[in-house]
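Data first, discussion second: the structure below is written as C-alpha cells.
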Amino acid sequence: QVMMKVLQSDLVNNRGERMVRAGDWSLLKDMELNASSSLGSTLFLETTYTDSPTAWAVAIPAFVPQDYVAVPKGATHLRISATGVGLDFSTGARAVQTAASTLLPVIDPAAAINLSVDKALLPGTHRAFVLSVEFVQMVNGSEYSINNGAHNAAKMVGVEQV
C-alpha cells in the first residue's frame, strides 16, 4: 500500500509508466515491516538516531528487557539490529549492511547498545534504514526462532535519496 503511494507520487512519468525511483521515497519512513508485530508495540525504549553523511546509527540506553520489551512466551533471548539497504534502481544493484547486538538474555539487564551502518558500503541512489528486534529460544546452545518470526518487529526508521 505504501509502495503504491510512492509510485503514485512520481510527478515525472506518465500514468502507467511511473517508477518508484522517481517517487517520494520519504513516504516509506516509519513503515512497519511485520504486520503481526510492530516495533512500537514491542520495544518501549527511547532510541536516538544519528544520520551523518558517512553513517547511520542508533543508540539505545541500558535497559531491563522484561521491563522495556514485549517478550513473547518461550523467548529466552533477543537481538536488536540496525540494517542499511542501498538500492540502485537503474542497474538493479543492491547492498545490505547490518550491525547487531549480541544475543541478550531476556532476564538480565542489558548494557547500552550503539549500532552503526557505514553508508560507504551502501552504494546506489536510494537508502533505507531499519531497526529490528528478533526473539529466539536457546536450547543446548542452538538458536530457535520464536513462532517462525511472528513476534519479530522491524520498522523502516530512516530513508534517503542520494
Of all accessible heavy-atom area on the range 24-131, the percent that carbon and sulfur account for (1.4 Å): 55
Nearest-10 value in Å² for the accessible area of GLU143, using the 1.4 Å probe: 90
If the convex hull is drawn through the Cα atoms of the chain, its volume per residue in Å³: 126
Solvent exposure ordering (accessible area, 1.4 Å, most first) of THR83, THR48: THR48, THR83
Gap separating the Cα centres of the range 107-121 and the range 6-77, nearest whole Å: 16
Table column - 3J(HN,Hα) (Hz), the range 98-105, Karplus curve with 6.51, -1.76, 1.60, x for Gly and Pro: 10, 10, 10, 6, 5, 6, 9, x
Surface accessible to a 1.4 Å probe, per residue, for the residues of the chain, Å²: 55
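Determine the calculated [θ] at 222 nm for the chain from helices alone, applying -39500 (n - 2.57) to every DSSP H run no shorter than 4 residues and normalising by the residue count; nearest 500 deg cm²/dmol.
Working: 2 runs with 11 residues, N = 162.
Value at 222 nm, helices only: -1500 deg cm²/dmol.
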Nearby aspartates and glutamates by direct alpha-carbon distance to LYS119 (threshold 16 angstrom, same-chain neighbours under 8 apart not counted): ASP51, ASP88, GLU160
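Place a +1 charge on the Cβ of each Lys and Arg in the range 1-89 and a -1 charge on the Cβ of each Asp and Glu, then give the dipole magnitude about the Cα centre in debye, rounded to the nearest 20. Display every interim value, and only then the final one.
Details: 7 positive and 9 negative charges, 48 e Å.
Dipole about the Cα centre, nearest 20: 240 debye.
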The range 1-49: trypsin sites (Lys or Arg not before Pro) falling in loop per DSSP and having at most 14 other Cβ within 10 Å: ARG15
Area of PHE44 that stays accessible when all protein chains are in place (1.4 Å probe, Å², to 10): 100
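The values are calculated or read from the model by the stated rules, or taken from the named source; none is laboratory data. Source: prediction; values computed, not measured. Here the Cβ is made from the backbone with ideal geometry for all residues, glycine too, and neighbour counts use every protein chain on show. Just so you know, the surface numbers come from the protein's heavy atoms only, side chains and all, with ligands and any DNA or RNA stripped out. Shrake-Rupley method; radii C 1.70, N 1.55, O 1.52, S 1.80 Å.
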